Structures are given as C-alpha cells and as structure tokens.
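Participant: Handing you a structure now.
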Amino acid sequence: MEGLSRVKDPALQAQLLAIVRDDVHRLDRLLSDISEASRLDAQLSRAKFEPVDIAAMIDGLVAQRDARGVERGIRLRFDRNPDDRTIILGEGARLERVFENLIDNALSFSPDAGLIAISAIREGEDLVIRVEDEGPGVPEDAREDVFKRFHSVRPDSETFGQHSGLGLAIARTIVDGHQGAIFVESREDRLDGARFVVRLPLAELTE
C-alpha cells in the first residue's frame, strides 16, 4: 500500500492493487475462521438441536454445485439407500459447513475430470457419511495432523492463501459437538485418493 503512492506506472499500480486485494481477502478469511473456531465450543454447548435430514442436506449441496458448474470437469455423485434413516439432532447450518468443507477439500485435490463420491449409510445407530476423491490421498502419518488448527497442505495448483488451515479443525469441532467423529481412512478400491468419514448418531425414533 505504501508503494502505491510512489508508483506512477498504471500497469504496476494495477498489479499492486491486485496483490493488496488478495491479501485483504486472505486476512478477512483468516480472521473469520479464527473467530468462528474460538467461539464454536461455547456456541454448540448452548445450541438447541433440531432434527436435520443429512441426506437432504447433501443432496442440496451437490445440486447447488452442479447448478453453478463444477470446475475442471470434476463430477460429484451422492449415493444413499432411500430406506435408511438419515435424520440426526443437530444444528443445520453448522453441519452444512462440515460437508461444504469436505467437498471443497475434495475439489481442491481432485484431478481434472475426477470423481468425488459421497455416500450416507446407516450403520447400527449411526449415520456414516464418506467423502472420497481421486487425488493423492492423505499419508497415514498425517491423518490426525490434518485436523489440527493452521495445518494446511494444499495442492501446488492452488493460489496461496485460499484456505486458512482451519477448515478441518472447525469441522472436527462441529462434529465433536454433535457427539460424532470425523477421521481419514484408507480406500479399499484404489491406491490413490482420500476418504473422509463423518459418523453421527441418528435421532431416536419417536412414536
């Protein structure tokens, strides 16, 4: 910003303004994520949980992405058993943030024309949601580190500062606040690719 007052070349001024604009957006994103991360525990402890249909939520998120157009020809697919119960007690906006984050993460690491496969399956009294991509995957020794605050390993093609390094940490805090679990595991069907798993307790059936 100090340089702008001394630079007279319009092309260089435009370049400096673009840098300033990107840095402001990066700092705004970072401050917003830090603020959210710092107050999540208190907010979730006071939240009044209501029935949330996770399958309908994910259906909506995938439809929104498809309507906007997914970059680089990447495909999104959501699989579920229509007979499975997919309603949990929770805070819808927070849970939506979890799945938006996982989809964003998968898009970042997916190769061109790759497939992101999302599934929601009932296992006992839990709903298990898996988000799988065809990217490089997460090394076994880093599968816990990715959920730490400010830990960020991004693809080389991504512009610096697009992510704060707090997204997965926020996702874990939200899932923990819903008495659930989020983790990374290996894919059985191929060597490459990451699989993020969210396990949430299903709402009890009422008469």
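The values are calculated or read from the model by the stated rules, or taken from the named source; none is laboratory data. Predicted model, so just to flag it, every value in this text is computed and none were measured. Heads up, the Cβs are rebuilt from the backbone with ideal geometry, glycines too, and the neighbour counts pull from every protein chain shown. Note: areas computed on protein heavy atoms with side chains; ligands, DNA, RNA excluded. Shrake-Rupley method; radii C 1.70, N 1.55, O 1.52, S 1.80 Å.
Participant: Restricting the stretch 1-13 to residues that are in a helix (DSSP H, G or I) and loosely packed, with under 10 Cβ neighbours inside 10 Å, which is nearest to the chain's Cα centre (by Cα)?
Facilitator: Among them, the one singled out is 11.
Participant: Which pairs do you get when a residue that is at pLDDT 90 or above, found in the stretch 75-97, comes within reach of a residue that is in a strand (DSSP E or B) and polar (S, T, N, Q), reach meaning Cβ atoms under 9 angstrom, with the pair 6+ apart or on two chains?
Facilitator: Pairs found: 77/119; 78/119; 79/119; 80/119.
Participant: So residue 153 fits all but one of (1) surrounded by 15 or more Cβ atoms within 10 Å (Cβ to Cβ); (2) modelled with pLDDT under 95; what number is the exception?
Facilitator: The one condition residue 153 does not meet is (1).
Participant: Taking the stretch 101-146 only, how many residues are assigned to a helix (DSSP H, G or I) and charged (D, E, K, R)?
Facilitator: Within the stretch 101-146, residues that are assigned to a helix (DSSP H, G or I) and charged (D, E, K, R) number 4.
Participant: Can you report the number of residues in the stretch 60-69 which are surrounded by fewer than 16 Cβ atoms within 10 Å (Cβ to Cβ) and either in a loop (DSSP other than H, G, I, E, B) or in contact (Cβ under 8 Å) with a residue 12 or more places away in the chain (or both)?
Facilitator: Residues that pass the stated criteria total 1.
Participant: Still on this model: What residue, among those in the stretch 78-99 that are part of a loop (DSSP other than H, G, I, E, B) and surrounded by 13 or more Cβ atoms within 10 Å (Cβ to Cβ), is nearest to the chain's Cα centre (by Cα)?
Facilitator: Residue satisfying both the conditions and the ranking: 91.
Participant: Taking into account only those residues within the stretch 121-145 that are at pLDDT 90 or above and hydrophobic (A, V, I, L, M, F, W, C), which is most open to solvent (accessible area, probe 1.4 Å)?
Facilitator: The qualifying residue most open to solvent (accessible area, probe 1.4 Å) is 121.
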